[in-house]
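Worksheet for the structure shown next.
The values are calculated or read from the model by the stated rules, or taken from the named source; none is laboratory data. Because the structure is predicted, anything quoted here is derived from the model rather than measured. Every residue, glycine among them, receives a Cβ derived from its backbone with ideal geometry; neighbour counts consider all protein chains shown.
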Amino acid sequence: MKTGQVLILAGLYFSARQDSREKKINLLIPLLFSIALLISSLINERKIEVILMGCLGGLVVLILSWLSRGKIGLGDGAVLVMTGIGMGFYRNMALMLLASALMMIFALLGMAGGKICLRSKIAFVPFLLIAFVIMLALGGEWR
């Protein structure tokens, strides 16, 4: 496992743990892992424009959080900026898509079972963690 993958996995684990318990994320967690990933990426001679492109998905979520007045958490956007630094744009988009699909399945099953209603808050970062582990298991080229 490469350094970037370990940093993303650790950042997702600690963020998911807090998100699942408290339904919020201390922004310091993704910030510290983002800095570590940025340093690791620069040491590995990744171009700064590739790193910045990777952050776009997370930046859009941060903007949506602001526009929705917190309905979408700032922590979700911060975590997606972190994963984007380490994964790049396309892999980060794939991560978001897979995590969203997993969360949708969970929500539908929960609604069918009467455990979740439309107004329920569901932590998103645990699904990012699951999606990341799935992507690691499926392999592929990592930089």
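Overview of values
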quantity	calculated
Members of segment 87-143 found to be aromatic (Phe, Trp, Tyr) and without any contact (Cβ under 8 Å) to a residue 40 or more places away in the chain, listed by number	89, 90, 106, 127
Condition check for residue 80: assigned to a helix (DSSP H, G or I), within 11 Å of the chain's Cα centre (by Cα), within 20 Å of residue 135 (Cα to Cα) and without any contact (Cβ under 8 Å) to a residue 24 or more places away in the chain	no
Filtered residue count, segment 60-94, keeping only those that are among the aliphatic types (A, V, I, L, M) and in contact with a Phe, Trp or Tyr (Cβ under 6 Å, 6 or more places away or on another chain)	1
Filter result for the condition that a residue is crowded, with 22+ Cβ neighbours inside 10 Å, in a helix (DSSP H, G or I) and at pLDDT below 95, over 110, 86	86
Residues satisfying the stated conditions in segment 19-33, i.e. farther than 9 Å from residue 79 by Cβ and touching a residue at least 40 places away in the same chain (Cβ under 8 Å)	20, 23, 24, 26, 27, 31
Top-ranked residue of segment 38-77 - restricted to ones that are surrounded by fewer than 17 Cβ atoms within 10 Å (Cβ to Cβ) and touching a helix residue (DSSP H, G or I) at 6+ places or on another chain (Cβ under 7 Å), ranked as farthest from residue 128 (Cα to Cα)	53
